[in-house]
1. For segment 61-77, give me each residue that is within 15 Å of ARG38 (Cβ to Cβ) and free of Cβ contacts under 8 Å to residues at least 24 places away in the same chain.
2. Restricting attention to segment 37-61, and to residues there that are charged (D, E, K, R) and farther than 15 Å from TRP93 by Cβ, which single residue is surrounded by the fewest Cβ atoms within 10 Å (Cβ to Cβ)?
3. May I ask you to list pairs of residues, at least six apart or on different chains, whose Cβ atoms are under 8 Å apart, with the first in segment 92-104 being assigned to a loop (DSSP other than H, G, I, E, B) and the second being among the charged types (D, E, K, R)?
4. Is it the case that LEU80 is free of Cβ contacts under 8 Å to residues at least 60 places away in the same chain and under 21 Å from ASP36 (Cβ atoms)?
5. When segment 44-89 is examined, which residues are found to be of a type in the set (Asp, Glu) and either in a helix (DSSP H, G or I) or touching a helix residue (DSSP H, G or I) at 6+ places or on another chain (Cβ under 7 Å) (or both)?
6. Tell me, which residue of segment 62-87 that is of a type in the set (A, V, I, L, M, F, W, C) and within 23 Å of PHE43 (Cα to Cα) is surrounded by the fewest Cβ atoms within 10 Å (Cβ to Cβ)?
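Here, each number is a calculation from the coordinates, and none is a lab measurement. Note that this is a predicted model, so its numbers are computed, not measured. Positions of Cβ are backbone-derived with ideal geometry, glycine not excepted, and every protein chain shown enters the neighbour counts.
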Amino acid sequence: MDPNDRNDSPMGGDPLGLPLDRLRQSLGLGPGLGLDSRSLAQFIEARDGISKPWLLVLLRLTMLQERKDSLSPEAYMRELSELHQEMMGLGEWWVGIEDEVFNP
């Protein structure tokens with residue numbers, strides 16, 4: 001069994017998979033690029049994205065996904081829940097800047 005196939009979510013599947021794929025797609029990165037946190041950090045820096053909170057959340061989600069196998073299911077879900085709350089706290093951050101966010 002592949003360790004990446006771990007199913008810690010009560011809903012089934014990896015709870016980070018779909019949000020990360022959607023964010024990568026919206027950034028024009030695609031799911032097949034094998035984007036890791038170092039590459040994403042370089043992308044954010046190159047695009048002057050340090051002041052864009054949605055990119056920082058994406059970076060933190062990517063870093064959490066990379067550490068998933070070293071965390072207990074409880075710790076993973078706790079950190080994921082914290083990131084989810086922070087992301088929801090951003091509100092509708094894309095309103096008015098759709099072209100910048102979804103067509104980088």
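1. ARG67
2. ASP48
3. Taking only residues 6 or more apart or on different chains, the pairs are PRO104/ARG47.
4. Spelling it out, it is not the case that LEU80 is free of Cβ contacts under 8 Å to residues at least 60 places away in the same chain and under 21 Å from ASP36 (Cβ atoms).
5. Residues of segment 44-89 of a type in the set (Asp, Glu): 45, 48, 66, 69, 74, 79, 82, 86.
Answer for segment 44-89, where residues must be of a type in the set (Asp, Glu) and either in a helix (DSSP H, G or I) or touching a helix residue (DSSP H, G or I) at 6+ places or on another chain (Cβ under 7 Å) (or both): GLU45, GLU66, ASP69, GLU74, GLU79, GLU82, GLU86.
6. MET63
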